[in-house]
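Everything below concerns the one structure shown next.
The values are calculated or read from the model by the stated rules, or taken from the named source; none is laboratory data. Since the structure is predicted, the reported quantities are computational estimates derived from the model, not experimental observations. Reconstructed Cβ throughout: ideal geometry from the backbone, glycine too, with neighbour counts over all protein chains shown.
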Amino acid sequence: MTPQKHVEEGPAIEGWEQADKFLGEVLTLEAQVQKIDGEKDEIVKLVKDLYVNGDGDDALLRIRLALKLDGKGVDVTAAGSKEKATRAALLAKGLQAFAEARKKELGDKKSKALNNGVLGFRLGTGTLETIKKMTWAKVLLTLQAAKSWKKRFVRVKEEVDKDALIAAIRNKALKAEEAQKIGVYLDKSDVFFYEVKKDATVAPDAV
């Protein structure tokens, strides 16, 4: 029996003040990851210019590369970037769970502005689901039976082209009753989002 993979949950958040604090931490972490990635890109470019495009004897490039590799306290390793990105993703999970539990407090706007950004929900692009007692195999047979639908919504490898169906339903090229005949409907539900203020103050030593 294959062991189940443990999925780490986000931290429990007790109130909006703590949520704002965690949102600020996400801002800091994302800025750090962006800086690390930028540093790594510069190092790769310098190495390429020095050893691939050059003969390795360019003194100026060697000095610039040495200064970059010195790092000045910036961890440019993949582990350093991954650790921060993982922490940011974990905090986002906690923020989502908190927002889910406080949906009623968000009001009609479905979002709440905080000092460090915004938490809330907005309408997603939609995921295609089968109606009751229908399977994707049955949907495929239904589409194959109608030439016009088969050409539009069945891929060459004989599977349902969900993207085409979603697009057709969204732009009303396929009516709701037609979708029902096929055996599908477009499930539109709110998806969690967070936005951090790009002009929010980040501690100098945090990045």
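What to note about this one:
- Inter-residue pairs, beta-carbon under 8 Å, first without any contact (Cβ under 8 Å) to a residue 40 or more places away in the chain and in region 153-174, second in a loop (DSSP other than H, G, I, E, B) and aliphatic (A, V, I, L, M), 6+ apart: L165/L174; A167/A173; A168/L174
- From the list A173, A137, the one residue that fits, being assigned to a helix (DSSP H, G or I) and of a type in the set (A, V, I, L, M), is A137.
- Any hit, region 114-130, residues being in a helix (DSSP H, G or I) and either buried (at least 16 other Cβ atoms within 10 Å of the Cβ) or at pLDDT below 95 (or both): no
- Pick from region 41-71, criterion among the acidic types (D, E), modelled with pLDDT of 75 or more and within 25 Å of S81 (Cα to Cα), ranking: surrounded by the fewest Cβ atoms within 10 Å (Cβ to Cβ): D41
- Being of a type in the set (D, E, K, R), under 18 Å from D190 (Cβ atoms) and at pLDDT below 95 is a description that applies to K103.
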